[in-house]
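Trainee: One structure follows; several queries about it will come next.
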Amino acid sequence: MKYVLITGGVVSGLGKGVTASSIGVVLKACGLRVTSIKIDPYLNIDAGTMSPFEHGEVFVLDDGGEVDLDLGNYERFLDVTLTKDNNITTGKIYQSVLEKERKGDYLGKTVQVVPHITDAIKDRIESVAVIPVDGKEDPADVCVIELGGTVGDIESMPFIEALRQLSFQVGPDNFCLIHVSLIPVLGVVGEQKTKPTQHSVRELRALGLTPHLLTSRSAEPLLESTKEKLSKFCHVPVENILNIHDVPNIWHVPLLLRNQNAHHSILQQLNLLSQATPPDLQQWTEMAESYDNLTESVRIAMVGKYVGLTDSYLSVVKALLHACVARSLKPSIDWIAASDLEDDSAKSTPEAHAVAWKTLKSAACVLVPGGFGDRGVKGMMLAAKYARENNVPYLGICLGMQISVIEFARSVLGWERAHSVEFDAQTPNPVVIFMPEGSRTHMGSTMRLGSRRTLFQTSDCITSKLYGNSEYVDERHRHRYEVNPDVIGNLEEAGLRFVGKDESGKRMEILELPSHPFYVGAQFHPEFKSRPARPSALFLGLILAATGKLEAYISRQNGS
Ligand code: GLN
């Protein structure tokens with residue numbers, strides 16, 4: 001196994017994840033098979049308990065892993081299916097070491113960070129790197145490891161030490177270190193400053209790791225003189241100093257790296273030049289360039305709990321992007337804080353209320369994404385009602401589907417206090433109830449997580465056609481509550497249709513409202529499997545409906 005390690009210095013938020021996945025893309029384009037590992041040095045076992053409004057979305061994998069959103073970038077860029085083990089956290093490492101300690105596996109020894117934690121890290125990396133993630137049977141050629149945080153952080157120290165040992169153990173031909181840093185520009189003269197990078201490389205070298213390549217983030221392209229300075233002071237050959245300056249969209253990053261011959265430097269370091277082909281990024285180039293040239297846009301109202309940090313819904317945003325680009329459109333997302341739509345807000349924050357409604361009414365379609373907690377739930381229901389009554393295309397994902405069921409039960413069935421037991425345990429009409437798959441008592445295991453099968457109940461529905469008339473679809477889940485099977489009869493009699501169910505027929509997976517041009521709810525999260533060149537069917541449907549092209553598309557698909 002060959003390793004490419006990506007570390008970061010100077011500041012966080014440099015786009016290390018995008019850099020690492022872009023490096024993966026370039027290596028893949030050279031004919032190599034690539035896997036990836038994201039290391040998060042926090043103590044949480046996984047991202048499942050972390051607030052998306054602080055850390056960005058919790059990404060969900062096929063195997064039910066709740067992981068850092070960077071794994072989503074890897075899956076989308078490399079078109080792979082990762083496992084929960086591809087996200088290593090300090091929590092997971094300590095948990096395994098402490099479990100061994102309790103079992104007495106250390107035979108009376110003192111259990112220490114070095115060597116026990118560092119050994120556990122190395123073992124974990126080596127065992128995860130060989131898990132095939134691209135549908136083939138044998139391990140990939142290269143494993144890209146991204147170390148989260150910034151070099152010098154106390155919490156990443158055991159990882160740095162373990163990776164230093166690993167680099168020594170696997171030998172120079174099998175290890176390539178790329179350090180990502182920032183080149184700021186200061187003052188009126190606009191000088192590109194290298195000192196912060198020099199400091200972070202010095203820090204890395206003091207820890208025993210010397211970068212083979214440097215990737216500098218900057219607003220404008222790096223000057224030759226800046227590169228030379230970096231080379232001299234950071235002990236990196238000038239041809240290995242790469243630059244990622246600001247680009248119109250992130251799909252340009254692999255192209256930027258290829259243009260600077262990043263693959264050559266990496267392949268040379270890994271002794272893979274003879275095995276690799278010249279990078280073929282033709283499709284990728286077309287995608288990046290076509291996106292730049294899009295002129296028409298479509299307005300999508302995203303009605304969520306909080307809208308301050310757009311990373312909280314990163315995969316939904318990406319899925320919208322994929323669907324829009326497939327239709328030669330630029331997504332124009334109007335973020336609406338659901339609570340701003342509520343009646344209370346008309347009194348407390350009338351301006352925000354007015355703006356929210358104006359925005360909602362001027363959008364071409366409405367999307368209510370997943371979420372937890374009751375904040376904004378009333379506003380989401382108002383958005384769903386507005387979309388339903390005004391024939392505005394609506395896509396409700398997970399919570400968004402539950403919202404549409406509650407709203408329908410209240411407005412159409414007249415069950416005024418219908419609710420989800422998540423928000424009102426005493427509701428006389430529990431239309432959304434707790435349906436655990438696993439244990440009811442053990443915290444964390446009550447969530448229905450990961451890939452599950454949905455069987456279409458009929459081929460005569462929009463969603464089955466959007467999914468290419470297949471009989472079933474496997475999508476990823478992350479929820480506790482579901483539509484109450486006891487009220488399906490009432491809902492269907494009143495016009496709602498549950499066109500997708502799980503294999504038991506008890507869990508409602510997809511709903512449609514046949515009297516509406518596009519009113520769709522999904523209990524799963526289709527956004528997690530959307531890919532740049534393969535948009536998710538339901539997102540594509542929403543965009544088609546928003547632009548009045550759905551019918552034509554479906555009849556073309558069906559050859560009529
Ligand atoms: N809170 C809801 C549930 O647990 C919806 C979850 C979600 O949207 N991911 O079922």
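Trainee: Filter the stretch 40-77 down to the residues that are β-branched (Val, Ile, Thr) and in contact with an Asp or Glu (Cβ under 7 Å, 6 or more places away or on another chain) and list them by number.
Mentor: Within the stretch 40-77, the first condition is being β-branched (Val, Ile, Thr), and the residues that meet it are 45, 49, 58, 60, 67.
Within the stretch 40-77, Val58, Val60, Val67 qualify.
Trainee: Have a look at Ala533, Ala537, Ala522, Ala545 and point out the one that is of a type in the set (A, V, I, L, M, F, W, C) and at pLDDT below 95. Let's see the steps before the verdict.
Mentor: Numbers: Ala537 fails: at pLDDT below 95; Ala522 fails: at pLDDT below 95; Ala545 fails: at pLDDT below 95.
Residue meeting the stated conditions: Ala533.
Trainee: Next up: Failed condition for Asn174, given (1) over 21 Å from Leu27 (Cβ atoms); (2) modelled with pLDDT of 95 or more; (3) in contact with a Lys or Arg (Cβ under 6 Å, 6 or more places away or on another chain), with all others met?
Mentor: The single condition Asn174 does not satisfy is (1).
Trainee: Out of all the residues in the stretch 450-468, is one or more within 12 Å of the ligand (Cβ to nearest atom) and in contact (Cβ under 8 Å) with a residue 40 or more places away in the chain?
Mentor: Within the stretch 450-468, the subset within 12 Å of the ligand (Cβ to nearest atom) is none.
For the stretch 450-468, residues within 12 Å of the ligand (Cβ to nearest atom) and in contact (Cβ under 8 Å) with a residue 40 or more places away in the chain: absent.
Trainee: Among the residues that make up the stretch 69-76, is at least one of them surrounded by fewer than 24 Cβ atoms within 10 Å (Cβ to Cβ) and more than 12 Å from the chain's Cα centre (by Cα)?
Mentor: no
Trainee: Criterion first (more than 16 Å from Ala338 (Cα to Cα), away from the ligand (no atom under 11 Å from the Cβ), touching a residue at least 40 places away in the same chain (Cβ under 8 Å) and not charged (D, E, K, R)) does Val432 satisfy it? First the steps, then the outcome.
Mentor: Working: more than 16 Å from Ala338 (Cα to Cα): yes; away from the ligand (no atom under 11 Å from the Cβ): no; touching a residue at least 40 places away in the same chain (Cβ under 8 Å): yes; not charged (D, E, K, R): yes.
It is false that Val432 is more than 16 Å from Ala338 (Cα to Cα), away from the ligand (no atom under 11 Å from the Cβ), touching a residue at least 40 places away in the same chain (Cβ under 8 Å) and not charged (D, E, K, R).
Trainee: Can I ask one more? So which residues in the stretch 340-377 are within 16 Å of the ligand (Cβ to nearest atom) and part of a helix (DSSP H, G or I), if there are any at all?
Mentor: Selection gives Val377 alone.
Trainee: Let me ask something else about it. Examine the stretch 173-180 for a residue that is part of a strand (DSSP E or B) and in contact with a Cys (Cβ under 9 Å, 6 or more places away or on another chain), and state whether such a residue exists. Working first, answer last.
Mentor: Filtering the stretch 173-180 for residues part of a strand (DSSP E or B) gives 175-180.
Keeping just the survivors that are in contact with a Cys (Cβ under 9 Å, 6 or more places away or on another chain) gives 179.
Checked against the condition, which is being part of a strand (DSSP E or B) and in contact with a Cys (Cβ under 9 Å, 6 or more places away or on another chain), the stretch 173-180 yields at least one hit.
Trainee: Scan Lys38, Lys16 and give me the residue that is within 18 Å of Gly149 (Cβ to Cβ), buried (at least 23 other Cβ atoms within 10 Å of the Cβ), basic (Lys, Arg) and in contact with a helix residue (DSSP H, G or I) (Cβ under 7 Å, 6 or more places away or on another chain).
Mentor: Numbers: Lys16 fails: in contact with a helix residue (DSSP H, G or I) (Cβ under 7 Å, 6 or more places away or on another chain).
Residue meeting the stated conditions: Lys38.
Trainee: Can you pull out every residue in the stretch 508-552 that is under 25 Å from the mean Cα position of the chain (by Cα) and over 29 Å from Glu493 (Cα atoms)?
Mentor: Glu527, Phe528, Lys529, Ser530, Arg531, Pro532, Ala533, Arg534, Pro535, Ser536
Trainee: If you scan the stretch 295-310, which residues turn out to be over 17 Å from Val325 (Cα atoms) and assigned to a strand (DSSP E or B)? Reasoning before the result, please.
Mentor: Of the stretch 295-310, the ones over 17 Å from Val325 (Cα atoms) are 301-310.
Matches in the stretch 295-310: Ala301, Met302, Val303, Gly304.
Trainee: Shifting gears a bit: For the stretch 378-418, give me each residue that is more than 17 Å from Leu511 (Cβ to Cβ) and either within 16 Å of the ligand (Cβ to nearest atom) or outside the structural domain of Leu367 (by the TED database) (or both). Give the steps one after another, and end with the answer.
Mentor: Of all residues in the stretch 378-418, those more than 17 Å from Leu511 (Cβ to Cβ) come to 378-379, 382, 386, 390, 414, 416-417.
Across the stretch 378-418, the qualifying residues are Lys378, Gly379.
Trainee: What pairs come out if I take residues in the stretch 506-530 that are over 19 Å from Ala384 (Cα atoms) and pair them with residues that are assigned to a strand (DSSP E or B) and more than 15 Å from the ligand (Cβ to nearest atom) whose C-beta lies under 8 Å away, six or more apart or interchain?
Mentor: So the pair list comes out as Arg507/Lys501.
Trainee: Specify which of the listed residues (His264, His235, His252) is at pLDDT 95 or above, more than 30 Å from Leu360 (Cβ to Cβ), out of contact with any helix residue (DSSP H, G or I) (no Cβ under 6 Å at 6 or more places or on another chain) and not polar (S, T, N, Q).
Mentor: Values: His235 fails: at pLDDT 95 or above; His252 fails: out of contact with any helix residue (DSSP H, G or I) (no Cβ under 6 Å at 6 or more places or on another chain).
None of the others qualify; the one that does is His264.
Trainee: Also, quick follow-up: Answer with yes or no whether Leu242 is in contact with a Leu (Cβ under 7 Å, 6 or more places away or on another chain) and at pLDDT below 95. So that I can check it myself, show each step before the final result.
Mentor: Details: in contact with a Leu (Cβ under 7 Å, 6 or more places away or on another chain): yes; at pLDDT below 95: no.
Judged against the criteria, Leu242 is not a match.
Trainee: Among the residues of the stretch 470-504 satisfying the criterion of being of a type outside the set (S, T, N, Q) and free of Cβ contacts under 8 Å to residues at least 12 places away in the same chain, which is nearest to the ligand (Cβ to nearest atom)? Show your work before the answer.
Mentor: Step one: list which residues in the stretch 470-504 are of a type outside the set (S, T, N, Q), which gives 471-483, 485-489, 491-503.
Going one step further and asking which of them are free of Cβ contacts under 8 Å to residues at least 12 places away in the same chain, we end up with 486, 489, 492-493.
Details: Asp486: 17, Gly489: 22, Glu492: 21, Glu493: 25 Å.
Looking at residues that are of a type outside the set (S, T, N, Q) and free of Cβ contacts under 8 Å to residues at least 12 places away in the same chain, I get Asp486.
Trainee: While we're here: Looking only at the stretch 346-371, how many residues end up being without any contact (Cβ under 8 Å) to a residue 24 or more places away in the chain and buried (at least 19 other Cβ atoms within 10 Å of the Cβ)? Spell out how you get there, then give the answer.
Mentor: Restricting attention to the stretch 346-371, the residues satisfying the condition of being without any contact (Cβ under 8 Å) to a residue 24 or more places away in the chain are 346-358.
With the extra rule that they be buried (at least 19 other Cβ atoms within 10 Å of the Cβ), the set shrinks to 353, 356.
Here the count works out to 2.
Trainee: Let me ask something additional. Could you check the stretch 95-123 and list, in sequence order, the residues that are surrounded by fewer than 17 Cβ atoms within 10 Å (Cβ to Cβ), in a helix (DSSP H, G or I) and not hydrophobic (A, V, I, L, M, F, W, C)?
Mentor: Start the filter on the stretch 95-123 by keeping residues that are surrounded by fewer than 17 Cβ atoms within 10 Å (Cβ to Cβ), which leaves 95-96, 98-115, 119, 123.
After this cut, where a residue has to be in a helix (DSSP H, G or I) as well, the list is 95-96, 98-103, 113-115, 119, 123.
Of everything in the stretch 95-123, those that are surrounded by fewer than 17 Cβ atoms within 10 Å (Cβ to Cβ), in a helix (DSSP H, G or I) and not hydrophobic (A, V, I, L, M, F, W, C) turn out to be Gln95, Ser96, Glu99, Lys100, Glu101, Arg102, Lys103, Pro115, Asp119, Asp123.
The values are calculated or read from the model by the stated rules, or taken from the named source; none is laboratory data. Only a predicted model underlies this, so the values are computations on that prediction, with no experimental measurement involved. Reconstructed Cβ throughout: ideal geometry from the backbone, glycine too, with neighbour counts over all protein chains shown.
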